[in-house]
Amino acid sequence: MSPSTITVIASWAGLLTIARSAWELSRMIRKKLAEKEVKDKARTVYYNLQEAHRYGLMSDEEYDSWYNKYLFAKVEKDATAMKTVETHVMVLLRGWPAKPYRASVHLVRSERTQAHALATQVFLAISSANRAAVVHE
């Protein structure tokens, strides 16, 4: 092998190492962010799980099963498992399909009404501008 061939191979190996290091770093960052998300959600999920049990929406056996899944997700810092527990509890508390809490419903309705009113005003303004342009022609 000539020295230029060895140099080319060494430079490609260096590029592969850089790419692998960048991928590993991004993977570690995603993992840390997922762990932080689990930590942030854990308290809310636990309180909602207790609330669903208190309201009688799940039996003692079902509560124990979901509580064990919650503990596993919290200890292992598993974002997917925590999301599963959170989704199940929200379906129990809000019904299916999942509905927002009442305060959110009023906010969403008012935002929707405002958006509809704004869209209507814009439509009327465009229509009147078009009518004025047609009259002047």
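The values are calculated or read from the model by the stated rules, or taken from the named source; none is laboratory data. Just so it is clear, the model here is predicted, and its values are computed rather than measured. Here Cβ is always computed from backbone atoms with ideal geometry, including for glycine, and neighbour counts include all displayed protein chains.
Can you confirm whether region 66-73 contains a residue that is more than 18 Å from LEU33 (Cα to Cα) and hydroxyl-bearing (Ser, Thr, Tyr)? Within region 66-73, one or more residues are more than 18 Å from LEU33 (Cα to Cα) and hydroxyl-bearing (Ser, Thr, Tyr).
Any residue at all in region 61-77 that is modelled with pLDDT under 90 and assigned to a helix (DSSP H, G or I)? Looking through region 61-77, none of the residues is modelled with pLDDT under 90 and assigned to a helix (DSSP H, G or I).
Mind checking whether some residue in region 100-110 is at pLDDT 65 or above and either on the phi < 0 side of the Ramachandran plot or assigned by TED's automatic domain parsing to the domain that holds MET28 (or both)? Within region 100-110, none of the residues are at pLDDT 65 or above and either on the phi < 0 side of the Ramachandran plot or assigned by TED's automatic domain parsing to the domain that holds MET28 (or both).
Residues that are assigned to a loop (DSSP other than H, G, I, E, B) and on the phi < 0 side of the Ramachandran plot were ranked within region 31-60; the one that is surrounded by the most Cβ atoms within 10 Å (Cβ to Cβ) is MET58.
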